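In what follows, a single structure is set out as structure tokens and then discussed.
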Amino acid sequence: MKFANLATAAVFAAFLAAPIGSLALLGPHEWAEKIVTAEELGSPQLYGADDRYRDDVARRLVSNSPVGMDAISAKNSLDFKVFGFVNTPAVISGERGWLFFKPGFQDGQCMSDREAGVMLGQIEALRTIARGAGFDFRMSVSPDKEVVYPEKLGPAAEAAAGCKILSSRKWREMAKARGSSVIDHFEVMDHDFTDDLLYYKTDTHWNDLGKIKAFGQLVEEFTGRKVSGTAIPSKTVNQITDSPRNLLRIYHTEKRNIYDKYIEMNFPPVSKYKISGAIIIHDSFYGVSRDLVSRVFLEPVLFAYESSGIRRNFRDNLANSPRLVLANTVERSLERRLRTDLSWNGAVGKAFIEANEAVARECSMSNTPQDGLTLRNMTELAPGDFKAGADPQILVDLPDDGRPCVRILFETTARQPTFIYLPVRNPVNKIGRYTGGFSVMLSNEPGERDFWIVLPEDFAGTTLRIDPIAANGPVSRLKIQSGFLPSIETAAR
């Protein structure tokens, strides 16, 4: 081993002597996370040329040891409680003791019109596929604290937030103009400077009053019952908040108002208004609101995002014919949810496609008439066999009755996904006949592709667009069939 490597190892060992000593004597601190294993300490990577592995091990050893954790806690406590200002990768101070979750600012990046449109379009596409299969899908969004209280950011946090507030306004204005089905909890978070707070000053989540407003909105949305009256706290307690404890490693408490009597009166545990047949996908905002979830919904099935449970069990629960799938997310995670579990490759998106296909296979199909088909950028080589050029498209006129169904069958050697673009019907959507996001992404596997889809009855008489591949490849043995199922109301009768 080279002398330089030995010297590096010696310096590294000396630096870690105190943390390792405290770990050996006292064990990991109670707040320790991702504890370093013996295998990691014995890895040859520890002496390698790449500093990243060594830096990660050192950071975790120091931060998880009693000595290291106490040092972190002392520094942050001094900054927050004495100097009144902290600025770490995770937390930044706002006005008068307010703390904001820095990653939620998303590096101050600005959301483009296209990004907002694709995001909203995907939500409506998920709902369309769900409604075709016979259940409803709704997305609810819990606003970030800085969106509800931008006046509390202060100069430093406002600078770090960058475009966050403008981006928040952008997608909400677009959602309103498009008639989006998103349940935006921001709409009930209005407040005056004299009002009781809706979020904790030093926690990323809403408080009890914020929860009450959000779940009152759900009750009115799904049952028509308006939760009214002034919420007056029954008592006040001290609450340990998450940003100081989890992110700064210090203890800090805030006053928490409890609204027991108001909740018992307006959200009784036994009520004819309870929402039944619901699957709820949630993050920590509905997680900290479990009591109200159980009071508003009747025996809901709950799934946490990015959990093993949603990957293993969501599809089976969807097969039990729920009336509603409600997916809630905090605003800062909305785009990520749509790229992961709620994407067409994710656990929820895949399950929606499978449920929709199962219903579509009940359709009585026949070959779509030639005058109901338009092929673009596709050269016919023989009956049913085509060479696709740039941006190939198949436009299919849907039946005028019931819930229209379409089957698309073809073969290709191209490893490119098939997209189904849903027709934009709302006249306020001045965004063209088809738009990014309001689409369904299907398989990209070479070979035979056989897709079945059924749409809600309000799509009857419209024109579906199918992009069999992205560009420049064979599309062989093409067959397009269509039909319809009775509307939900007719089938029920």
Among the residues of the stretch 293-323 satisfying the criterion of being touching a Lys or Arg at 6+ places or on another chain (Cβ under 8 Å) and within 17 Å of residue 349 (Cβ to Cβ), which is surrounded by the fewest Cβ atoms within 10 Å (Cβ to Cβ)? 315
Test residue 274 against the stated conditions and say whether it is surrounded by 18 or more Cβ atoms within 10 Å (Cβ to Cβ), under 26 Å from residue 314 (Cα atoms) and more than 22 Å from the chain's Cα centre (by Cα). yes
The conditions are (1) touching a residue at least 40 places away in the same chain (Cβ under 8 Å); (2) over 25 Å from residue 459 (Cβ atoms); (3) surrounded by 13 or more Cβ atoms within 10 Å (Cβ to Cβ), and residue 336 fails exactly one of them. Which is it? (1)
Against the condition closer than 22 Å to residue 487 by Cβ, of a type in the set (Gly, Ala, Ser) and open to solvent by 20 Å² or more (accessible area, probe 1.4 Å), how does residue 436 come out, does it pass? no
Would you please name the residue that is modelled with the lowest pLDDT, looking only at residues in the stretch 424-433 that are over 16 Å from residue 466 (Cβ atoms) and surrounded by 16 or more Cβ atoms within 10 Å (Cβ to Cβ)? 429
Within the stretch 366-383, residues open to solvent by less than 50 Å² (accessible area, probe 1.4 Å) and at pLDDT below 95 come out as 368, 372
Unique match (being part of a helix (DSSP H, G or I) and either surrounded by 15 or more Cβ atoms within 10 Å (Cβ to Cβ) or in contact with a strand residue (DSSP E or B) (Cβ under 8 Å, 6 or more places away or on another chain) (or both)) among 351, 388: 351
Pairs where the first residue, in the stretch 257-284, is without any contact (Cβ under 8 Å) to a residue 60 or more places away in the chain and the second is crowded, with 20+ Cβ neighbours inside 10 Å and acidic (Asp, Glu), C-beta under 6 Å, 6+ apart: 259/208
I'd like to know if the stretch 156-173 contains one or more residues that are outside any helix (DSSP H, G or I), open to solvent by less than 30 Å² (accessible area, probe 1.4 Å) and touching an Asp or Glu at 6+ places or on another chain (Cβ under 9 Å). no
If residue 321 passes every condition in (1) touching a strand residue (DSSP E or B) at 6+ places or on another chain (Cβ under 9 Å); (2) in contact (Cβ under 8 Å) with a residue 60 or more places away in the chain; (3) among the hydroxyl-bearing types (Ser, Thr, Tyr) but one, which one does it miss? (1)
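The values are calculated or read from the model by the stated rules, or taken from the named source; none is laboratory data. This structure is a prediction, so every number in the text was calculated from the model and none was measured. In this analysis, Cβ positions are derived from the backbone assuming ideal geometry, glycine residues included, and neighbour counts consider all displayed protein chains. With ligands, DNA and RNA removed, areas are computed over all heavy atoms of the protein, side chains included. Shrake-Rupley method; radii C 1.70, N 1.55, O 1.52, S 1.80 Å.
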